[in-house]
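In what follows, a single structure is set out as structure tokens and then discussed.
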Amino acid sequence: MPAPRALRLAELALALAVLALPSAIEAQAVPLRGGAGVVRGVVLAGPDDPVPYAVIALQPRFPQRFTDAAGAFAFTRVPAGTYHLLARQVGFKPLDTTVVVAADAQVVVNVTLERLTVELEAITVVAAQGCTQPGPPDASAPELAALFEQLRESAQQYKLLATTYQFRYRMARTFTDLDEVGNRLARTVDTVSYLSSALVHYRPGDVVGTATLPDGSAAPAVVLPTLTDLADSVFQAHHCFTFAGRVPQDGAEVLRFHFRPPEGLAVPDLEGDVDLDPGTYQIRRASVSLTHAELAQTGVRAASSTITFAEVLPNIVVQKRVVSVEELTAPPLRSGAKYVARYVEDQTLAGVTFLHPLPGAQPAAP
């Protein structure tokens with residue numbers, strides 16, 4: 001969002017009251033001309049410590065958007081009235097406050113977010129087991145609920161990024177066919193472009209769709225959950241979530257959630273793990289397996305995917321790599337004959353182009 005036009009010093013004077021501001025808020029007001037007001041400011045983690053790309057909203061009129069790389073934001077053409085200013089970022093406690101805007105006034109609001117600390121020792125680590133009461137963690141386990149909220153906040157921020165700002169991302173794909181002992185039988189490569197807003201939403205028991213192969217043909221494929229699904233009430237209501245604790249992964253330690261569908265669900269669905277960074281609580285990795293894979297497609301006995309996430313801008317996370325594997329049942333063959341026992345599709349991020357750029361910066365190389 002462009003910054004408001006500069007004001008002459010002679011025009012600066014107190015013009016309105018700001019109500020219900022906690023100690024984390026610093027605000028001042030100055031007059032403008034033209035009827036509508038401006039609310040601008042910076043989201044901080046402390047003195048001279050801006051929070052890049054925090055989520056900010058001025059409700060009810062102005063929906064969520066991102067601050068810029070320096071944590072700055074501005075809402076222009078704000079009619080006089082009372083508003084709720086909301087500030088969010090993964091790894092911080094959310095902050096809501098009330099701002100009253102008078103006509104022809106500019107309000108400068110500096111918001112300081114408090115870093116989140118979760119007492120992991122207070123969270124019960126649960127081994128994977130049957131799911132009898134699906135749904136997200138509730139207030140009966142406050143530390144677990146606070147940690148899960150970081151996963152949900154990551155998902156909500158990705159949805160804002162994908163739908164409001166929209167971006168195209170290119171994935172370099174490698175398709176490999178392997179025999180029963182791992183020998184390569186065939187390999188094909190291509191590059192495909194996706195639109196972030198073209199989301200396929202999770203539907204219980206309906207997780208097999210189609211994918212386009214390099215030769216242009218269509219083939220059955222597992223519909224992977226996206227970050228937006230993890231924030232979706234339908235996905236949450238049809239899965240159990242448990243905390244698996246601190247676990248090593250790819251040479252680092254992560255915080256792992258396990259999710260699984262309800263017991264007794266006799267159709268293909270999704271189960272797996274989601275890993276969070278223990279310092280920032282940003283999502284880093286997800287692994288997903290198809291339950292009842294044999295019912296999804298004839299000849300398939302297992303299907304799984306691993307998704308790795310990375311920041312393309314500070315606090316802006318997208319998927320960097322997706323590796324999907326299908327294990328096939330052995331067909332009736334003559335002795336010694338070779339057959340495809342495993343399909344591997346490896347997608348790596350090759351570039352990101354924002355159609356509605358975020359304020360302040362261009363994406364870093366993947």
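The values are calculated or read from the model by the stated rules, or taken from the named source; none is laboratory data. These figures come from a predicted structure and were not determined experimentally. Here the Cβ is made from the backbone with ideal geometry for all residues, glycine too, and neighbour counts use every protein chain on show. Note: areas computed on protein heavy atoms with side chains; ligands, DNA, RNA excluded. Shrake-Rupley method; radii C 1.70, N 1.55, O 1.52, S 1.80 Å.
Here are some residues: Thr298, Thr306, Thr291. Which one is within 26 Å of Phe175 (Cα to Cα), of a type in the set (Val, Ile, Thr) and exposed (fewer than 15 other Cβ atoms within 10 Å of the Cβ)?
Within the list Thr298, Thr306, Thr291, the selection yields Thr298.
Return the pairs, sorted by first residue and then second, in which the second residue is of a type in the set (Val, Ile, Thr) and open to solvent by 60 Å² or more (accessible area, probe 1.4 Å), the first residue lies in segment 261-288 and is touching a residue at least 24 places away in the same chain (Cβ under 8 Å), the beta carbons are less than 7 Å apart, and the residues are 6+ apart or on different chains.
Glu263/Thr132
State the number of residues belonging to segment 228-248 that are over 14 Å from the mean Cα position of the chain (by Cα), under 27 Å from Ala162 (Cβ atoms) and surrounded by fewer than 20 Cβ atoms within 10 Å (Cβ to Cβ).
3
When residues of segment 162-182 are filtered for being under 31 Å from the mean Cα position of the chain (by Cα) and closer than 14 Å to Ser324 by Cα, how many remain?
Residues that pass the stated criteria total 6.
Could we say that Ala36 is surrounded by fewer than 21 Cβ atoms within 10 Å (Cβ to Cβ) and out of contact with any Ser or Thr (no Cβ under 8 Å at 6 or more places or on another chain) here?
In short, no.
Is it fair to say Phe175 is open to solvent by less than 20 Å² (accessible area, probe 1.4 Å), closer than 30 Å to Asp346 by Cβ and among the aromatic types (Phe, Trp, Tyr)?
Spelling it out, it is not the case that Phe175 is open to solvent by less than 20 Å² (accessible area, probe 1.4 Å), closer than 30 Å to Asp346 by Cβ and among the aromatic types (Phe, Trp, Tyr).
Please go through segment 72-85 and give me each residue that is open to solvent by 20 Å² or more (accessible area, probe 1.4 Å) and in contact (Cβ under 8 Å) with a residue 24 or more places away in the chain, ordered by number.
Hits for segment 72-85 are Ala72, Thr76, Arg77, Pro79, Ala80, Thr82, His84.
Of the conditions (1) open to solvent by 30 Å² or more (accessible area, probe 1.4 Å); (2) out of contact with any Gly (no Cβ under 9 Å at 6 or more places or on another chain); (3) in contact (Cβ under 8 Å) with a residue 12 or more places away in the chain, Arg184 clears all except one; give me its number.
Here Arg184 clears every test but (3).
Among the residues of segment 122-141, how many are without any contact (Cβ under 8 Å) to a residue 12 or more places away in the chain and over 23 Å from Leu270 (Cβ atoms)?
Counting residues in segment 122-141 that are without any contact (Cβ under 8 Å) to a residue 12 or more places away in the chain and over 23 Å from Leu270 (Cβ atoms) gives 2.
Taking the criterion of being open to solvent by less than 80 Å² (accessible area, probe 1.4 Å), under 30 Å from Ser196 (Cα atoms), touching a strand residue (DSSP E or B) at 6+ places or on another chain (Cβ under 7 Å) and not small (Gly, Ala, Ser), would at least one residue in segment 97-109 satisfy it?
Within segment 97-109, none of the residues are open to solvent by less than 80 Å² (accessible area, probe 1.4 Å), under 30 Å from Ser196 (Cα atoms), touching a strand residue (DSSP E or B) at 6+ places or on another chain (Cβ under 7 Å) and not small (Gly, Ala, Ser).
Could you list all residues from segment 127-142 that are loosely packed, with under 15 Cβ neighbours inside 10 Å and closer than 28 Å to Gln89 by Cβ?
Of everything in segment 127-142, those that are loosely packed, with under 15 Cβ neighbours inside 10 Å and closer than 28 Å to Gln89 by Cβ turn out to be Gly135, Asp138, Ala139, Ser140, Pro142.
For segment 159-183, enumerate the residues that are outside any loop (DSSP other than H, G, I, E, B) and in contact with a Ser or Thr (Cβ under 6 Å, 6 or more places away or on another chain).
Those that are outside any loop (DSSP other than H, G, I, E, B) and in contact with a Ser or Thr (Cβ under 6 Å, 6 or more places away or on another chain): Lys159, Ala162, Thr163, Phe167, Arg168, Arg170, Ala172, Phe175.
Just checking, how many residues over segment 38-72 are touching a Gly at 6+ places or on another chain (Cβ under 6 Å), at pLDDT below 95 and part of a strand (DSSP E or B)?
0
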